[in-house]
Amino acid sequence: MVESHVKKHENKNTPKHLTFHLSEDEWLRYHQLDRETKQMIRLVVKSIIYNPELVQEAGYIYKLLISKTISPYVCPLCLIPFSSLFALKQHIRYQEHEKECKICGKKFTSTEALLDHICKKHNICVK
Ligand SMILES: [Zn+2]
Ligand SMILES: [Zn+2]
């Protein structure tokens, strides 16, 4: 316990390496990228460490995109795709949803307020 504490303190300002395990295919692909792209990937990893909420947002956007491949009418609250705008609006109106933003975790008192927030803050609107 004491030893690890001392070690931590000593190494405070020396750079450390972050190791990833890649498959051979991933490794080859990475090395085929140009210098700038590689640098960008490392930068993205570093930024996400400081802003882990971006991972949450990226997960949401990823699921949203998958639902959008099925239908353009996707509920921004539970990410279910609907066959028409009417069906989506009916769903939003009658289905009970969690009143917490899936992207940033902010809580709301009504579904309308949450939808308004997702539209204004995260640019995902029900048209
Ligand atoms: Zn929904
Ligand atoms: Zn939010």
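Bear in mind these aren't lab numbers, they're just calculated from the coordinates by the rules spelled out. Here the structure is a predicted model, which is why all the values come from computation and not from measurement. Here the Cβ positions follow ideal geometry from the backbone for every residue, glycine too, while neighbour counts run over all protein chains shown.
Rundown of residues vs (1) in contact with a Gly (Cβ under 8 Å, 6 or more places away or on another chain); (2) aliphatic (A, V, I, L, M); (3) not in a helix (DSSP H, G or I), yes/no style:
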position	(1), (2), (3)
Ser47	no, no, no
Gln56	yes, no, no
Tyr60	no, no, no
Ile66	no, yes, no
Pro76	no, no, yes
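Annotation: Ile80 fulfils all but one of (1) within 15 Å of ligand 2 (Cβ to nearest atom); (2) within 20 Å of the chain's Cα centre (by Cα); (3) surrounded by 14 or more Cβ atoms within 10 Å (Cβ to Cβ); the unmet one is (1). Could you grab me the full set of residues in region 92-127 that are more than 13 Å from Leu79 (Cβ to Cβ), charged (D, E, K, R) and in contact (Cβ under 8 Å) with a residue 24 or more places away in the chain? Result: Lys127, single match. Of all the listed residues (Ile49, Ile41, Ile124, Ile66), the sole one being out of contact with any strand residue (DSSP E or B) (no Cβ under 6 Å at 6 or more places or on another chain), of a type in the set (Val, Ile, Thr) and surrounded by 13 or more Cβ atoms within 10 Å (Cβ to Cβ) is Ile124. Looking across Glu57, Glu112, Glu96, one residue alone is within 13 Å of ligand 2 (Cβ to nearest atom) and not aromatic (Phe, Trp, Tyr). It is Glu57.
Of the residues Lys102, Lys63, Lys107, which is more than 14 Å from the chain's Cα centre (by Cα) and of a type in the set (D, E, K, R)?
Values: Lys102 fails: more than 14 Å from the chain's Cα centre (by Cα); Lys63 fails: more than 14 Å from the chain's Cα centre (by Cα).
None of the others qualify; the one that does is Lys107.
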